[in-house]
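Shown next, in structure tokens, is the structure this report addresses.
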Amino acid sequence: MEKITGLELSPRKIEYLKYIHQRKENVRTNELSAHLKVDPSTTTKTINELAEEGYVNHVPYRGVKLTGKGKDYAAFLIRRHRILSLMLKNYGLSPEEACSEVNRFESFVSLHAIDTICSTMGHPTMGVCGKIEHPHCDV
């Protein structure tokens, strides 16, 4: 696995990866456009960039799916979201508020910070949004 810093992708590209990962199958570009509420040409451009960066495979008229690199990064994104949501819940926000607030800033939090927070919280296994995996917690 390529070393992840957690800061490789823009918030918009992160949304694409999360949605493709959530669907667990080939996703057509028109579905992505509709879900993300963007113009189809923007979706095509972003998908081509993600393909060039090695996160997705795109076969025209068949859809987009994650590569191994994309799956690893998506797993990190889910872990980051769940750890940050749990942290905010522990500070008094409701689970719904915590999840919503994390969506505003999570793309700016590095893997190192997540590993440190995770370690400080005792490597929790369950977050407000689901199970927390610890495949590469370095701290």
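None of the figures in this text is laboratory data; all of them are computed from the coordinates on show. Quantities reported herein were computed from a predicted structural model and do not represent experimental measurements. Heads up, the Cβs are rebuilt from the backbone with ideal geometry, glycines too, and the neighbour counts pull from every protein chain shown.
The table for this structure:
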read-out: Unsatisfied cross-links (Cα-Cα over 24 Å) in the set 37/89; 71/131; 13/89; 69/89; 45/131; value: 37/89; 13/89; 69/89; 45/131
read-out: FRET E, pair residue 101, residue 36, Förster distance 22 Å, beta-carbon r, rounded to 0.05; value: 0.60
read-out: Gain on full stretching of the segment that runs from residue 51 to residue 10 - 0.36 nm per residue minus C-alpha separation; value: 13.3 nm
read-out: Whole-Å semi-axes of the chain's equivalent ellipsoid (Cα gyration tensor); value: 28, 16, 12
read-out: Cβ-Cβ FRET estimate between residue 131 and residue 59, R0 fixed at 30 Å, reported to 0.05; value: 0.45
read-out: Gap separating the Cα centres of the stretch 38-98 and the stretch 1-31, nearest whole Å; value: 3 Å
read-out: Ranked list, fewest to most other Cβ atoms within 10 Å of each Cβ, for 36, 66; value: 36, 66
read-out: Förster radius 22 Å - calculated FRET efficiency between residue 91 and residue 71, Cβ distance, rounded to 0.05; value: 0.10
